[in-house]
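A short write-up of the structure that comes next.
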Amino acid sequence: METKLWNIDQGKEIYQEAAELLRSGETVAFPTETVYGLGADATNPDAVKQIYEAKGRPSDNPLIVHIADAKQMQEFIAEVPEKAEKLMEAFWPGPLTLILPIKPGVLAESVTAGLKTVGVRMPVHPVGLELLRITNRPIAAPSANRSGRPSPTTARHVEEDLSGRISAIIDGGSTGVGLESTVLDVTSDTPVILRPGGVSTEQIEEVIGEVRSARNIPKKEEVPKAPGMKYTHYAPLAPVYLVEGGAAFWDKQIKRGLDRGEKVGLLLSDELAAEIREPVMKIKIGSRAQMDEIARRLYDGLRLFDHTDTTLILAETFSKDGIGDAVMNRLEKAAGNKYLNETSELPR
Ligand code: TXA
Ligand code: MG
């Protein structure tokens, strides 16, 4: 199939055309404030099937439903708990996905992968929001990448992964947050963060008090999980290692990699880059003092390695405060949790 590429500078008509494609059961990629999403009509099983096929996504990994107006939820949500109301008030439109109990029979079953809950979010990006408003249907939209790859923060990233596999892409420039929405399960009394993201735990707790993190809940306890989080994710082609240590430790690991004949590439902050002496490729993603910027540039940085001959990626680790929690969550997934530190150095 040929993939249409629209730019928002082409004018208002593109929203009508894109909405028509969505209403007729086709797939359209569009920018949100987090990452680009691959949208399809959530009430149309054939349309939703195209999302799974284009991405190569496992069928047991449910999709997030996007809306432009909270009233749309009445059609497919059974009940909105009080804490959810407060959060919608505080963070919608914005990068927070709420897991809510579903009213059966409206959404395609494949959207929820058979679960009795569904993730709902209202994006704040003007392009995404306008498209949803004009389409006026609940739109299922996972990140617009091939399954397992870093999420797309530009239309170019979407093209890299999905050109020829989807009907259209709307290019609205780089996304703002750069990491996906926070996924919060609000079906239990103490809500559970299933995926850290654009709204931090600290921000959520300011509004509704204590929440739990899926990470901190013992395995034996019965808790909902985000099925998507069990898969390898956000990974460039070369293996990634997370490095904990100062510049001297970095230099030592780089030397070891070079001695092994690896093409070593580094993903790091401006500050650390200035300290590393070994002459290897450095992809800088901003200042440590500006974690928002690190978040915004992370996926582009990871994807850049795929256009080089790098065979081994060493990545910096960051503080888990605020958005740092989401940054480290994605880096740990990209690295498959492989750390280099005093107790586990790169093998010679
Ligand atoms: O920022 C975002 O959330 C982006 C943009 C496009 O909106 N979307 C996104 O979707 O990241 P996706 O499909 O890549 O990630 C959705 C995550 C997955 O980990 C999935 O397992 C989880 O949300 N999820 C969806 N529905 C769920 C449910 N009913 N219960 C638990 N987890 C759910
Ligand atoms: Mg994704």
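Just so you know, all these numbers are worked out from the coordinates, no wet-lab data involved. Fair warning: this is a prediction, and the values are worked out from it, not measured in the lab. Glycine gets a Cβ as well: all are built from the backbone with ideal geometry, and neighbour counts include every protein chain shown.
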#### Entry: Neighbour-count ranking [beta-carbon atoms within 10 angstrom, fewest first] of Tyr299, Tyr234
Tyr234, Tyr299
### J(HN,Hα) series, segment 193-204, from Karplus relation 6.51 cos²θ - 1.76 cosθ + 1.60, nearest Hz, glycine and proline x
7, 8, 8, x, x, x, 9, 7, 4, 4, 5, 5
### Query
Using 7 Å Cα-to-Cβ label points, what is the Glu79/Ser213 separation (nm, one decimal)?
3.0
### Message
Test of understanding: what is the full-extension gain from Arg23 to Thr308, defined as 0.36 nm times their sequence separation minus their Cα-Cα distance?
### Response
98.6 nm
### Query
Per residue of the chain, what 222 nm ellipticity follows from adding -39500 (n - 2.57) for every DSSP H run with n ≥ 4, rounded to the nearest 500?
-9000 deg cm²/dmol
### Query
Looking at the P(r) of the chain, how many percent of alpha-carbon pairs lie beyond 31 Å?
34
### Summary
Of the listed links Lys284/Lys333; Lys116/Lys333; Lys4/Lys71; Lys83/Lys116, those spanning more than 22 angstrom between alpha carbons are Lys116/Lys333; Lys4/Lys71
## Note on the structure
Contact order relative to length for the chain, counting C-alpha pairs under 8 Å separated by 6 or more residues, stands in percent at 19
### Task
Specify the angular offset, from 0 to 90 degrees and rounded to the nearest 10, of the alpha carbon long axis of helix 324-334 from the longest principal axis of the alpha carbons in the chain.
80
### Query
Between Asp251 and Asp292, what length comes free when the chain is fully extended (0.36 nm per residue of separation minus the Cα-Cα distance, one decimal in nm)?
12.1 nm
### Task
Kindly express, to the nearest 10 degrees and within the range 0 to 90, the angle between helix 13-23's C-alpha long axis and the longest C-alpha principal axis of the chain.
80
#### Entry: Antiparallel bridge percentage (DSSP; both residues within segment 4-216; nearest 5)
50
#### Entry: Whichever aspartates and glutamates have a C-alpha closer than 15 Å to that of Lys12, once near sequence neighbours (fewer than 8 apart) are set aside
Glu20, Glu130, Asp171
### Query
Among the aspartates and glutamates, which fall within straight-line cross-link reach of Lys320, defined as a Cα-Cα distance under 15 Å, with same-chain neighbours fewer than 8 residues apart omitted?
Glu202, Glu244, Asp292, Glu293, Glu332
### Message
If I take the Cα coordinates of segment 240-340 and project them onto the principal axes, what are the three extents in Å, biggest first?
### Response
38, 26, 21
